[in-house]
Structure formats: structure tokens, C-alpha cells
Amino acid sequence: MKEKLISALAEALEMDASQVKHDDIFRDYENYSSLTELSVLAMLDSDFGIEIEMQEFNNYKTVEDLINLVSSKQN
Amino acid sequence: MSLISFNNVGIAGMSAAVPARVINNYEYDLYFDKKDIKEVVDKIGVTERRFADENTCSSDLCHAAAVKLLTDMNINRQEIDLLIFISQTPDYRMPATSVLLQERLGLPSSTITFDINLGCSAFLYGLTVAYSMITSGSVKKALVLDGETRSKVYSLKDRKTGFLFGDGGVAALVEGGEKYGRSWFSLNSDGSRADLIKIPAGGYRTMSSCETITEKVVDEYGNIRSDEHGYMNGADVFNFVIREVPKDFNRLLEYSGVEKDAIDYFVFHQANSYINGFLAKKLKLPSEKVPATIHKYGNTSSVSIPLTIISELREKLQGKKRVLMSGFGVGLTWGTAIISLDNCHIGEEIEI
């Protein structure tokens, strides 16, 4: 699960998966922009079936937060 | 439950007019360098779009489209009972542009005219009103005119919206007839999301002033706009659309009892190619059934659904075809429709 999320997130942000660490604040990545944000939202929807409100999404700060989101929705 | 069905009413013919001025987005480097532009344009897929000049309004594009349609189909203008003008870029705040078009088109003073002020879903709303009035029995022929000059709404110095929008106008003739069979519509609204796409000033809540027309840097990227320019929160809109549009799509399929495979074409509002690609993939639609004009006309708001039918399906609508339409945007409002087109007359797009 963790690996799948990290690899999908890296792909959405056009980064190498090895650069993505659990504690990273993903909005601080150089490649994070209003355009790549769409790819992240699309990835959560199509790869993990996660449909969330932006208000909720905006509360998530770190890669770990996204991993927890994916784990909680899948349980 | 906003689900509606009609019997024996439909679109007899359609035509479109677009401005002759073509904007090549990759070369449109007035305010941004080509590297930044490429990043945006690659994602939104708008290679070209059309810009109306300062003297051309949505109504002028619709007028040209309507004249062509009425002439090509040899329609007696005295027979038009209803004219609906759909736009958020009218000629004036008052009077309603539809009334001006009644006179310009030489329609009788017995014509019912009014404007519908809605965005990307509005063609479906307009059709629903025309279908209802025809179903009532007293209206025989209705003109649904749908035009936008969105190029005049958004700041060209805001890269979030400056490369997306284009202009166009369409005319559709709606009438009764057994050949049209059943049609189904779902219409929705969510005003709690009104701020996601908005022109904050220039209406009566915040009236036009020197302050509201002053351009300002609005974010860390250096995008510039005034309070009388359109604003769009792309991520929030995207997130809403990918969640709600497929739900509405499936809800209408279930209500109508029409099998997905029995639909010949799926025509979506041309929002941007990224959203449209995502929706087609999520709904598992074969690409040959999903026509697109986003690459050549950009996002023309409510015009994009009929303009895509006119531009891309002209040669493909012989005989009876079942078409699903899906519109979504400012409001927010969204809707889905399933209609039948039976040898629908489609005129070639004209340039003015």
C-alpha cells in the first residue's frame, strides 16, 4: 500500500519515487503546482477510489498523511 | 429529484458561428514566456481558440448562426414562437439580449423571448425549457441561441485561466415530432460552491468602481487580474467534477433505462482536455464515441457541447442517433441529457 501510494504520487508529480519520503510536506515539492495538483487528485480517485472534498484534502500536509488517508479509506 | 423526460420533441437543426481570429496558444506570448505557456497548454490541450474583436458580442455570433440555420432550413420566421438566449456575456445588463435578437432576426412580436444566465451546463437547461414549452402545446418552433465571448471575461495575465477560453455562438431549432421519441434530462445546482468560479465585482452586490477595475497581482506566481475579471479555482472544480459528473451520468442512464452501449456519442462540455480525458477514462467510454473540440476552440462555456456536435458530428448524424450530453461548471451547476437526433440538419460553422 505504502509503496503503491508513493510510486503513484511520484508519477503524478513527475518525480522519482526514491525522492519521496514519508515526512515530506508534499506541497513543498518543486514540481507541486496548480497543474500537478490535478494529477494528485486524479491519482487518488482512479488508483485508490478516493473521492474527497478539497477542504479535507487541504488538511493533509505530509506524504504520511496521504498514506494514512489511503489506508483508512481502504479498510 | 431533478429528473425530467419528454416525448416527441427534439432538435431539428443546428448551426454555429465562430470569430475568424484564430489564437495560436503556444505562440501567444504577450505576458508569459513560451516555456511557461507550453507547460499550461500541454495540460489543458487548447492549441487554438477563437477571439471575438471588440465590436463582436455573443449575440452577433448567435445572430449569424441563426440566420444561416433559418435560411438553410428554409424556415418561415413568422413561425418562431420562442427565442431563448443563453449567455453570461450579454450585450447589456438591460434589456435582455434575447429581445434584441427577436428584432434583429425579424421574428414576430408574438415571440416569447428571455435570457438564461447560466454557464457550462446551460445548453441542457435551455433545451429543457424549450422542450417543456413545446410539450405544453402552444409553442411549435423554438430557437435556442447560445453564445459566449469568454475571451473578454478572463485576464490574459492570469495563467490559470488566460489560455483556456474561446468564443463562439450556436443556434438550435427545437420542434415537436414523433420521430424524436423519448429524451431524458438531469439538472443540478450547488450554490455553496458559487465562489469557485466567479466574477466578484461589476454586478449589484459589488458595483463597478475604479477599485474593481484595477489590476492586481493576486498570487505568488505573479498572476494579474481585477475584481471584474473571472476567477476560477481549478483544483476545487476539478475535484468536484470528477466526483459528481460520473454520478449524474450513471443516475440518468439508470432513470432512462438506456444501455450505455446503445448511445452513439457522448458529448461533454469542453472544460479542458485533462478533465475530459479523465472523465472518459473513469466512465470507460470508447474514444471514438467521445468527440472533442477543446484543441481548436478551447473552452467556450455553454457553447461547447452544441459546438462540438456541429463541428465533429456533422458527417456522422445521418439517420437516428442517440446522443448523451454532459455539462458542468459555474454556479456550480451540472446536468446530463440523453436525446435522439433524427437526420438533424447540421450547418457548417461560419466565421465572422
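The values are calculated or read from the model by the stated rules, or taken from the named source; none is laboratory data. This one's a predicted model, so the numbers in the text were calculated from it and none came from an experiment. All Cβ positions, even for glycine, are placed from backbone atoms using ideal geometry, and neighbour counts span all protein chains on display. For accessibility, only protein heavy atoms count, side chains too; no ligands or nucleic acids. Shrake-Rupley method; radii C 1.70, N 1.55, O 1.52, S 1.80 Å.
So the values come out like this:
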item	result
Segment B:292-318, residues that are more than 17 Å from B:Val330 (Cβ to Cβ), open to solvent by less than 20 Å² (accessible area, probe 1.4 Å) and not in a helix (DSSP H, G or I)	B:Thr293, B:Leu313, B:Leu317
Listing of helices (runs of 4 or more DSSP H) fully contained in chain A that carry 2 or more residues being open to solvent by 30 Å² or more (accessible area, probe 1.4 Å) and out of contact with any helix residue (DSSP H, G or I) (no Cβ under 9 Å at 6 or more places or on another chain)	A:63-74
Members of segment B:92-151 found to be among the β-branched types (Val, Ile, Thr), farther than 24 Å from B:Tyr204 by Cβ, assigned to a helix (DSSP H, G or I) and in contact with a Gly (Cβ under 9 Å, 6 or more places away or on another chain), listed by number	B:Thr128, B:Ile134, B:Thr135
Residue within segment B:156-167 that is over 30 Å from B:Glu39 (Cβ atoms) and either surrounded by fewer than 20 Cβ atoms within 10 Å (Cβ to Cβ) or not acidic (Asp, Glu) (or both) present	no
Residue check, B:Tyr255 open to solvent by 20 Å² or more (accessible area, probe 1.4 Å), in a helix (DSSP H, G or I), more than 14 Å from chain A (Cβ to nearest Cβ) and not hydrophobic (A, V, I, L, M, F, W, C)	yes
Any chance A:Ala42 is small (Gly, Ala, Ser) and in contact with a Leu (Cβ under 9 Å, 6 or more places away or on another chain)	no
Complete set of residues in segment B:128-186 that are of a type in the set (S, T, N, Q), touching a residue at least 60 places away in the same chain (Cβ under 8 Å) and under 17 Å from B:Ser5 (Cβ atoms)	B:Thr128, B:Ser132, B:Thr135, B:Ser183, B:Ser186
Failed condition for B:Ala52, given (1) closer than 25 Å to B:Ala337 by Cβ; (2) open to solvent by less than 30 Å² (accessible area, probe 1.4 Å)	(1)
Count - residues of segment B:116-152 that are farther than 15 Å from B:Gly335 by Cβ, buried (at least 20 other Cβ atoms within 10 Å of the Cβ) and polar (S, T, N, Q)	2
Residues being within 14 Å of chain A (Cβ to nearest Cβ) and either among the small types (Gly, Ala, Ser) or more than 16 Å from the chain's Cα centre (by Cα) (or both) - total across segment B:258-274	3
Residue in segment B:191-213 that is closer than 22 Å to B:Lys321 by Cα, more than 11 Å from every other protein chain (Cβ to nearest Cβ) and assigned to a helix (DSSP H, G or I) present	no
Out of B:Thr89, B:Thr113, sole residue that is of a type in the set (Val, Ile, Thr), within 23 Å of B:His269 (Cα to Cα) and open to solvent by 10 Å² or more (accessible area, probe 1.4 Å)	B:Thr89
Meets criteria (open to solvent by less than 30 Å² (accessible area, probe 1.4 Å), closer than 21 Å to B:Gly162 by Cα and within 14 Å of chain A (Cβ to nearest Cβ)) for B:Val245	no
Residues located in segment B:263-306, provided they are aromatic (Phe, Trp, Tyr) and closer than 24 Å to A:Ser46 by Cα	B:Tyr265, B:Phe266, B:Phe268, B:Tyr274, B:Phe278
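The rows are residues; the columns are (1) open to solvent by less than 20 Å² (accessible area, probe 1.4 Å); (2) in contact (Cβ under 8 Å) with a residue 12 or more places away in the chain; (3) touching a Ser or Thr at 6+ places or on another chain (Cβ under 6 Å); (4) at negative phi.
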{"position": "B:Arg205", "(1), (2), (3), (4)": "no, no, no, yes"}
{"position": "B:Cys210", "(1), (2), (3), (4)": "no, no, no, yes"}
{"position": "B:Asp227", "(1), (2), (3), (4)": "no, yes, yes, yes"}
{"position": "B:Val237", "(1), (2), (3), (4)": "yes, yes, no, yes"}
{"position": "B:His269", "(1), (2), (3), (4)": "yes, yes, yes, yes"}
{"position": "B:Lys282", "(1), (2), (3), (4)": "no, yes, no, yes"}
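Matching residues to (1) of a type in the set (A, V, I, L, M, F, W, C); (2) within 14 Å of chain B (Cβ to nearest Cβ); (3) under 21 Å from B:Asn233 (Cβ atoms); (4) in contact (Cβ under 8 Å) with a residue 60 or more places away in the chain:
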site: A:Phe48; (1), (2), (3), (4): yes, yes, no, no
site: A:Asn58; (1), (2), (3), (4): no, yes, yes, no
site: A:Val70; (1), (2), (3), (4): yes, no, no, yes
site: A:Gln74; (1), (2), (3), (4): no, no, no, yes
